Amino acid sequence: MRTVQMTMDEKLLASVDEAARELRTTRSAFTRQALREALDRLASRRLEQKHKRGYERHPVHKGEFDVWEEEQEWPQS
């Protein structure tokens, strides 16, 4: 691991420290996990945008997926 220096306002730092205490972890471990989760959300958003652009360039045509209708199993009410 590398040591990095960050700047954050006092209120955010206090919130991070409070959350770390509540979770019984360190400020560094809490921050690493928060950054991992933020990067995961960013990757998901990027994939969603990629899919959206793909469907905008190649929209689904009526009847394109009808063949799969018979393959689906719907629960009986």
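The values are calculated or read from the model by the stated rules, or taken from the named source; none is laboratory data. If you're wondering where the values come from, they're calculated on a predicted model, not measured in any experiment. Neighbour counts run over all protein chains shown; Cβ positions are idealised from the backbone, glycine included. SASA here: full protein model, heavy atoms, side chains in, ligands and nucleic acids out. Shrake-Rupley method; radii C 1.70, N 1.55, O 1.52, S 1.80 Å.
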Which percent of the accessible area of the chain is formed by carbon and sulfur heavy atoms (probe 1.4 angstrom)? 52
Label corresponding to Rg/Rh (Cα atoms, Kirkwood Rh) when calculated from the structure given, among [x] 0.90; [y] 1.30; [z] 0.94: [y]
For the chain, what does the accessible surface come to per residue with a 1.4 Å probe? Please give it in Å². 105
May I ask you to list the GluC sites (Glu not before Pro) in the range 8-77 that are in a DSSP loop and have at most 14 other Cβ atoms within 10 Å of their Cβ? E64, E73
Can you compute the helix-only [θ] at 222 nm over the chain? Use -39500 (n - 2.57) per DSSP H run of at least 4 residues, normalise by all residues, nearest 500 deg cm²/dmol. -20000 deg cm²/dmol
With a cap of 10 neighbouring Cβ atoms within 10 Å, and only residues DSSP puts in a loop, list the chymotrypsin sites (Phe, Trp or Tyr not before Pro) found in the range 46-76. F65
At most 16 other Cβ atoms within 10 Å plus a DSSP loop assignment makes a site exposed; report the longest stretch of the chain without any exposed trypsin sites (Lys or Arg not before Pro). 25-61
